[in-house]
Structures are given as C-alpha cells and as structure tokens.
C-alpha cells in the first residue's frame, strides 16, 4: 500500500470522517490506500470505505495479537498516517520498527482522553515521527500542555470536506412556513443542545407551528434531552439516532444549529456549509474564523438563550434571507476547506517525507 491511515475506530466523529473523506479522494487519485481501525467492523463509517473499495483492517484482540497484525501491514506499507492519540499509545511497543518507516501524525482535537501512558507514548513517538501536523492552530498549540511538545515544528493542514449539492432547492419547505432545524452532534452535556430547546420553547405563540427540530446523534445526554423535549410546549422534536448518511441528514433540514459551550472546529459545520446549508453556532473556538455573522452564517455567545432566540426569530420572520447566506457558506468552504485542496497539500507533504 502507498498509504495506511490509522484511527482508533470508525465511529462517527470529526477525525474519522476526515479520514474517510481523504482516503476516498486519495483512492480516486489513483493512490493505493487502506485504513487501520481498532474499532468494530460494524462501526458506521466502515461501510462507506468498503463501498468505495478501500481496504479496512480491524485490529482487535489483545495487545500482542493487534501488534502482530499491524507489523505485517507495516511491512507492505510505504507511509503510515496516524490520526488518533489512542493509536499513538497502541503503537508504543512498535517504536523500533516504526523508526524505520515513514510515519505521519495528524492531531485533530485539542483534548485527549485521560488514558494511562498517553504522555509517555507521545514522548516515545517523537523518536519515530517524520512529520506532525494539526488541523487548526488550537490543536497545534494544545500539544504543549497535553504532551509537553513544542508546537514550533508542527504545521497546520485544515480539515477538508467534499463540496456537494442537495437536489432541488430546499426553500420550498421554508416558504411553507415549516423551518426544519437540524442538530447533528454527539449528544453530550458539552454540546448544550437543551439551550436550543429552551430558546424555542420561549418563542411567542405565533412562531410555534412554524418549525420542527430534527436531532441526529447519540450520547450520554440522549435520555435527558428526550425527557426535556417531552416537557416543552408545542415544540415538534424528532430524535433519529446516529446516522452515517450525510446526504440524508443535511437534505432533511434547512439549517444547522450548534449550542456548544466549547469547540475547535466541528466537521458538522464544514459539512453543512459544503451542502449549502446555513449554520447558527456559538462563537467559540475556531468557528468565528469560518462563520461571519449574517454573511455566511450566524453567531451568538455561548449559553446565551436570548441571543439564540433573536436569531431564530430573525430567520423565521425572513426565511428568504437564507438564500444568499447558503450561497456564501458553500462558496467559503469551496475556497478554504475543499478536500481536493487538502488532498493536494498532503500529497506534497508525503513526497517530502
């Protein structure tokens, strides 16, 4: 294989979806690419890779059996591209072999699960990594605190998404006075989804029949949110569970809402904008670098229900204002976050290893 990507699983997540996007684009470019996953074969994103004829290798069992399987793969791989701190930890016993290979590490997030040996495995990783990259300045700078690494030698290569279109302009549903509001997220307290429910519940009665909420995702907060939704007045909220079909999710809604208390740059924002959907989001992390308020989306302060209500009322009062915002959202992602450009960037980096 030319390139072997490695992830901790192929569950639905930002890093995992990026690997799927990049691997598919590399495959289309004629590169022999594969993906190593420490997750279950039934993980939802694995089927997307298989549908695109990309080889997936599931490393399961105890640490010895996983290591033996990976060693066999590495002998037939030119470039090993790691996308998860958990994979760095899993590779700890193999560092003598990895020092003989071309190994790249992309840091996707700004936080790491507090697992044993995480710092030690990253200290050892410095002995065999040929290049370390980060998807954002925040992720780059976070390594000083997380691993006691210097960020100086880490370059930034942004996330990338395919640019897609949704059949038939979805303005018809808005013109029919039903605004479909989407939540596409892990349902955990940090995402603060209940803020949207409370903001909608506080809207004047004249707005109550003019929207519905479509929730895609799963997580520890799911049951609390379902209970919360039952106690709301006249708010139509549908819970769909996790979904790996991007087109289905983004074609089912008119705009995406994020209520997170903190974020880096969620893939869901880039994905929604790539489909030409406007995004309403808290102005946290790198999000304000992508969304310009009332130009290609909407921003409001975290935990600020009144500000979110104001934006929702503004949209419900003038849904046609979304048409230009949709165009600007897709244009921005095309120019700055296209997977085609990211593929070209990585190709140049691979050639220099």
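What follows draws every value from the coordinates through simple rules; no lab data is involved. If you're wondering where the values come from, they're calculated on a predicted model, not measured in any experiment. Glycine also receives a Cβ, built like all others from the backbone with ideal geometry; neighbour counts cover every protein chain displayed.
Some points to look at:
- For region 55-105, projected area of the alpha-carbon convex hull averaged over all directions, nm²: 3.5 nm²
- Where the alpha-carbon atoms of region 171-336 are placed on the principal axes, they occupy 43, 33, 30 Å, in descending order.
- Against the main long axis of the alpha-carbon atoms of the chain, helix 305-317 sits at an angle near 70°.
- Going from the fewest other Cβ atoms within 10 Å to the most, the residues 91, 243 appear in the order 243, 91.
- One chain, two ends: residue 323 and residue 310. Fully extended at 0.36 nm per residue, the span grows by 2.8 nm beyond their Cα-Cα distance.
- Extension reserve of the residue 239-residue 303 stretch, reckoned as 0.36 nm per residue once the Cα distance is removed: 20.8 nm
- Using every pair of distinct Cα positions in region 304-351, the Kirkwood expression returns a hydrodynamic radius of 13.5 angstrom.
- Computed [θ] at 222 nm, helices only, for the chain once each DSSP H run of length n ≥ 4 contributes -39500 (n - 2.57): -11500 deg cm²/dmol
- Each distinct pair of alpha carbons in region 55-184 adds a 1/r term; the inverse of their mean, the Kirkwood radius, is 17.4 Å.
- Cα-Cα P(r), region 21-103, percent of pairs per 5 Å interval: 3, 13, 25, 25, 20, 11, 3, 0
- Orientation-averaged projected area, Cα convex hull of region 260-333 (nm²): 4.3 nm²
- Degrees, to the nearest 10: 322-336 long Cα axis against longest axis of the chain: 10 degrees
- For the chain, the share of alpha carbon pairs falling in successive 20 Å distance bins from zero is 29, 54, 16, 0 percent.
- Here the average projected area of the convex hull drawn through the C-alpha atoms of region 242-287 stands at 3.2 nm².
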